[in-house]
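A.B. asks: Provided herewith is a single structure, encoded as structure tokens, for subsequent inquiry.
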Amino acid sequence: MPLELQDADPTSDFPALARALFESYEEPWQSFFHAYFPIHGAGEEAREAAIREAATRLEDWHTHDLTMRWQKIVDTETGNIATGALWNIYPENPFAETQELPATWFPDDGSRRFAEQLVELHGQPRARVGQRPHVYLFILFTHPRYRRRGLGQQIMEWGMKKADEMGVEFFLDATPMGRSLYERNGFVLIEENVILPKTDSPDDAWREIEAKVGSSTHYLMWRPAGGYKEGETIKPWEEK
Ligand SMILES: CC(C)(COP(=O)(O)OP(=O)(O)OC[C@H]1O[C@@H](n2cnc3c(N)ncnc32)[C@H](O)[C@@H]1OP(=O)(O)O)[C@@H](O)C(=O)NCCC(=O)NCCS
């Protein structure tokens, strides 16, 4: 089947991207996904509502954040989205100003506090070491039907070329499932990030989401422009 890398069309692609995103993170189930894209309630209609909310939110993020660029790899025979990638292309240091992402996808109770802390903890390692222009791979997924055919690799090649053309570093927060793809491309592990939001005063909503999401591990990985060279590359954040 012919598979083609294209820029996503923001006027029409978000519903299909959101559906493919859900199906990718459901197989295998990765619990931290629920903190970003929750299903409120049980049953098929609740899941459908969650996918619709995700599509609206992805579109909203895209409209308001000019650094975002969505790509897709399409099965041109069926029109199915096989792979999706969301980039942040930062020509300036993104951490020059404080970033806040209120987790409005949860009601204003302990579940929102939990998700906001998780998002903040997720971003902290990069905020410490990535205070320069860079390329960030925010989301990458390949639908289970299309895995292990080199589609993730195709996205990585696009990103490495883009970062090299801009002369900037490339960061990502890998899931355990994605890590080997990045290692094969010469990415260096900067920090293992075990995320478990904490509070002294959990309400029922906090306890419920904590039981669902639990702790999750991400790996901050990095590639300097031109690729990492052992014994030569200096990590900019370690320079005196
Ligand atoms: C991680 C993920 C994006 C990889 O996507 P993918 O399109 O399958 O990636 P690739 O095909 O390029 O590489 C995956 C593996 O398939 C192997 N592969 C590639 N082409 C192959 C082929 N023709 N035959 C057999 N294996 C192949 C690669 O060597 C790689 O092996 P590895 O796991 O030992 O490193 C995908 O598994 C996924 O969506 N997971 C769920 C969401 C997630 O965790 N995303 C990562 C966020 S950081």
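A.B. asks: Could you figure out which of (1) touching a Ser or Thr at 6+ places or on another chain (Cβ under 7 Å); (2) closer than 25 Å to E238 by Cα; (3) not in a strand (DSSP E or B) isn't true of D164?
C.D. replies: (1)
A.B. asks: Filter segment 102-132 down to residues that are under 26 Å from V168 (Cα atoms) and open to solvent by 50 Å² or more (accessible area, probe 1.4 Å) and give me whichever is nearest to the ligand (Cβ to nearest atom). So that I can check it myself, show each step before the final result.
C.D. replies: Pass one, segment 102-132, residues under 26 Å from V168 (Cα atoms): 119-132.
Filter once more, so that each one left must be open to solvent by 50 Å² or more (accessible area, probe 1.4 Å): 120, 124, 128, 131-132.
Working: E120: 18, Q124: 17, R128: 19, Q131: 22, R132: 21 Å.
Across segment 102-132, the extreme among qualifying residues is Q124.
A.B. asks: Any chance segment 135-146 includes a residue that's within 12 Å of the ligand (Cβ to nearest atom), under 30 Å from N80 (Cβ atoms), out of contact with any strand residue (DSSP E or B) (no Cβ under 8 Å at 6 or more places or on another chain) and open to solvent by less than 50 Å² (accessible area, probe 1.4 Å)?
C.D. replies: Pass one, segment 135-146, residues within 12 Å of the ligand (Cβ to nearest atom): 136-146.
Remaining after also requiring under 30 Å from N80 (Cβ atoms): 136-146.
Now restrict to residues that are out of contact with any strand residue (DSSP E or B) (no Cβ under 8 Å at 6 or more places or on another chain): 144.
Those still in the list that are open to solvent by less than 50 Å² (accessible area, probe 1.4 Å) too: 144.
Yes, because at least one residue in segment 135-146 is within 12 Å of the ligand (Cβ to nearest atom), under 30 Å from N80 (Cβ atoms), out of contact with any strand residue (DSSP E or B) (no Cβ under 8 Å at 6 or more places or on another chain) and open to solvent by less than 50 Å² (accessible area, probe 1.4 Å).
A.B. asks: If we keep just the residues of segment 81-93 that are more than 16 Å from the chain's Cα centre (by Cα) and away from the ligand (no atom under 16 Å from the Cβ), which is least open to solvent (accessible area, probe 1.4 Å)?
C.D. replies: Within segment 81-93, the first condition is being more than 16 Å from the chain's Cα centre (by Cα), and the residues that meet it are 81-82, 91-93.
With away from the ligand (no atom under 16 Å from the Cβ) added as a condition, the list becomes 91-93.
On the way: P91: 88, E92: 130, N93: 43 Å².
Only one residue fits best here, namely N93.
A.B. asks: If you go through segment 27-76 one residue at a time, how many are under 28 Å from P2 (Cα atoms) and touching a strand residue (DSSP E or B) at 6+ places or on another chain (Cβ under 9 Å)?
C.D. replies: Of the residues in segment 27-76, 11 are under 28 Å from P2 (Cα atoms) and touching a strand residue (DSSP E or B) at 6+ places or on another chain (Cβ under 9 Å).
A.B. asks: Can you say whether R184 is within 15 Å of the ligand (Cβ to nearest atom), closer than 16 Å to L140 by Cβ and open to solvent by 50 Å² or more (accessible area, probe 1.4 Å), as far as the supplied structure shows? Walk me through how you get there before you give the answer.
C.D. replies: Working: within 15 Å of the ligand (Cβ to nearest atom): yes; closer than 16 Å to L140 by Cβ: yes; open to solvent by 50 Å² or more (accessible area, probe 1.4 Å): yes.
Here the answer is yes, as R184 does meet what is asked.
A.B. asks: Sticking with this one: Could you please find all residues in segment 218-240 being without any contact (Cβ under 8 Å) to a residue 24 or more places away in the chain and under 11 Å from F170 (Cα atoms)?
C.D. replies: The answer is none; no residue qualifies.
A.B. asks: Moving to a separate point now. Looking at segment 206-217, which of its residues are touching a residue at least 24 places away in the same chain (Cβ under 8 Å), out of contact with any Phe, Trp or Tyr (no Cβ under 8 Å at 6 or more places or on another chain) and in a helix (DSSP H, G or I)?
C.D. replies: Restricting attention to segment 206-217, the residues satisfying the condition of being touching a residue at least 24 places away in the same chain (Cβ under 8 Å) are 206-210, 212-214, 216-217.
Okay, now just the ones that are also out of contact with any Phe, Trp or Tyr (no Cβ under 8 Å at 6 or more places or on another chain), so 207-208, 212, 214, 217.
Scanning segment 206-217 gives R207, E208, K212.
A.B. asks: Still on this structure, please answer the following. Please indicate, with yes or no, whether at least one residue in segment 158-168 is touching a residue at least 24 places away in the same chain (Cβ under 8 Å) and touching a helix residue (DSSP H, G or I) at 6+ places or on another chain (Cβ under 8 Å).
C.D. replies: Residues of segment 158-168 that are touching a residue at least 24 places away in the same chain (Cβ under 8 Å), as a first pass: 158-160, 162-164, 166-168.
Checking the rest, the ones that are also touching a helix residue (DSSP H, G or I) at 6+ places or on another chain (Cβ under 8 Å) come to none.
No.
The values are calculated or read from the model by the stated rules, or taken from the named source; none is laboratory data. Being a predicted model, the structure only gives us computed values, none of them experimental. Methodologically, a virtual Cβ is constructed for each residue, glycine included, from the backbone with ideal geometry; neighbour enumeration extends over all protein chains shown. Just the protein is used for accessible areas: all its heavy atoms, side chains included, with ligands, DNA and RNA removed. Shrake-Rupley method; radii C 1.70, N 1.55, O 1.52, S 1.80 Å.
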